[in-house]
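One structure is given here, and the rest of the page talks about it.
Where a number appears in this text, it was derived from the coordinates with a stated rule and is not lab data. Since the structure is predicted, the reported quantities are computational estimates derived from the model, not experimental observations. So basically every Cβ, Gly included, is an ideal-geometry build from the backbone, and we count neighbours across all protein chains shown.
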Amino acid sequence: MNEGLHRQRDSVDMTRDQPEGMAALTDDWQLVDLLRSGDEAAFETLIDRHHTAMLRIAMVYVMPRAVAEEVVQETWMAMLESLPRFEGRSSLKLLLAFRQLQSKKE
């Protein structure tokens with residue numbers, strides 16, 4: 001699962017390299033449910049969808065890029081650790097941004 005954490009996404013194309021079958025799932029919470037059941041392809045799809053935007057947010061607050069990449073990786077790890085508590089009351093994108101800002105402060 002950690003392989004996907006180290007990928008760099010330089011393109012805004014959110015469907016690029018998505019595992020077969022996952023691209024059709026448009027709802028992030030469907031992917032979170034699959035991830036909860038151990039589906040690593042769902043995690044890769046979430047990374048493909050959100051990594052570039054998360055990196056942009058991190059680079060507003062921290063430089064150089066390598067440090068911003070670490071913040072994003074920490075955010076993904078925090079998301080995985082708190083996965084059982086996700087309730088789906090807000091968008092996953094908002095939740096990831098909030099976690100990312102928390103990671104930056106630590």
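If packing is taken as the average number of other Cβ atoms within 10 Å across a peptide's residues, how do 83-89, 71-77 rank, most packed first?
71-77, 83-89
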Original post:
Full extension from D27 to L80: what is 0.36 nm times the residue separation minus their Cα-Cα distance, to one decimal in nm?
Top reply: 17.3 nm
Original post:
So if R0 is 22 Å, what FRET efficiency would E87 and Y61 give, r being the distance between their Cβ atoms, rounded to the nearest 0.05?
Top reply: 0.25
Subject >> HN-Hα J in Hz across segment 59-74 - Karplus 6.51, -1.76, 1.60, θ = phi - 60°, x for Gly and Pro >> reply: 6, 5, 9, 9, 9, x, 4, 4, 5, 4, 4, 5, 4, 5, 4, 4
Original post:
Tell me, what ³J(HN,Hα) does each residue in segment 31-43 have, in order and in whole Hz, if you take phi through Karplus 6.51 cos²θ - 1.76 cosθ + 1.60 with θ = phi - 60° and put x for Gly and Pro?
Top reply: 5, 4, 4, 5, 4, 4, 8, x, 7, 5, 5, 5, 5
